[in-house]
Each structure stands twice: as C-alpha cells, then as structure tokens.
Amino acid sequence: VCHSVDARELHPPAARAEIDPEGLGFDLIVWNHPHSGFPKVGEKRGPGFEQSEAVLERHRRLVADFFRSVLQGGLLRLGGEVHVTHKAGQPFSQWGIRELGREAGLEPLGVRPFPLASFPSYVCRRGGGRN
C-alpha cells in the first residue's frame with residue numbers, strides 16, 4: 001500500500017523507485033474512490049457542484065493521467081489489472097472511466113458492485129472527513 005503518492009506522476013524514475021523499489025511491477029494496481037478535490041475559487045460550490053463541467057473535467061483528467069502514468073511507468077506486469085472503485089450514479093458515471101481506460105490503452109474487463117461486506121469498518125465519507 002502506498003500513501004502520499006501523486007497518482008498522476010507514478011512514472012518518473014524517482015517516484016517509480018519509491019513505489020516499486022525492486023522494479024518488478026505489480027499484478028494489481030487499485031485506486032479506491034479517486035477524486036480531484038473540491039471546487040476552486042470561482043467554481044460552483046454547494047449542492048450539485050460535482051455536476052459542473054469544470055469539476056467533471058478535472059476528475060476525468062485525474063483518472064486519465066493515472067492510467068497514462070501506470071502504463072508509461074511500466075508499473076503493471078503483463079496480464080496485470082488496474083481496479084478503480086467508483087460510484088456508479090450521476091454525476092460520477094459522467095466521468096467515463098471505462099472510456100478513459102480504453103483511451104490510455106487498457107481493456108475494461110467489467111463493472112462490479114463494491115464488496116462492502118469485505119470491508120466491515122468501511123464508512124463512506126464526504127470530502128474533508130464529514131459523513
């Protein structure tokens with residue numbers, strides 16, 4: 001498990017050395033609930049902010065850069081998989097994660113429900129740690 005890593009910049013040699021010091025790559029790379037953060041000054045805030053085109057585009061760019069960096073950095077072994085857990089409803093479905101994966105050169109294998117029972121201590125939180 002790696003923390004405090006810029007998911008958009010996994011490929012530079014210094015980041016790669018920290019993430020994968022033996023240089024063997026990974027069979028599975030998982031990113032649970034990616035999110036690009038809260039609205040910037042001047043962007044819509046409050047209920048519905050996730051639906052603004054600026055915020056949607058920022059989320060899309062984050063995930064696209066992650067996929068690109070995983071592949072560019074050689075972090076994924078041949079036959080390996082990238083799993084992204086994500087909300088399926090609106091506006092999150094507008095991110096187009098499967099399409100972003102295809103554009104990066106990954107082959108989407110499917111969509112499955114989040115296995116909540118496998119994570120008994122999991123609590124869904126809003127940004128900033130609020131429920």
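A few notes on this one:
- Listed peptides 53-61, 84-92 by packing density, highest first (mean Cβ within 10 Å): 53-61, 84-92
- Once C-alpha pairs closer than 8 Å and six or more residues apart are averaged by separation and normalised to the residue number of the chain, the relative contact order reads 32 percent.
- Hydrodynamic radius (Kirkwood) for region 3-127, which is based on Cα pairs only, to one decimal in Å: 15.9
- Rounded percent of accessible protein surface that carbon and sulfur make up, the chain, 1.4 Å probe: 54
- Protection proxy ranking, peptides 70-83, 106-119, 9-22, average beta carbon neighbours within 10 Å, highest first: 70-83, 9-22, 106-119
- Segment residue 24-residue 72, extension gain: residue separation times 0.36 nm, minus the distance between their alpha carbons: 15.8 nm
- The chain: calculated mean residue ellipticity at 222 nm from DSSP helix runs of at least 4, using -39500 (n - 2.57): -8000 deg cm²/dmol
- Remark: region 50-131 carries a charge dipole of roughly 280 debye about the Cα centre, counting +1 on each Lys and Arg Cβ and -1 on each Asp and Glu Cβ.
The values are calculated or read from the model by the stated rules, or taken from the named source; none is laboratory data. Here the structure is a predicted model, which is why all the values come from computation and not from measurement. So basically every Cβ, Gly included, is an ideal-geometry build from the backbone, and we count neighbours across all protein chains shown. Protein only, heavy atoms only, side chains kept; ligands, DNA and RNA dropped before computing areas. Shrake-Rupley method; radii C 1.70, N 1.55, O 1.52, S 1.80 Å.
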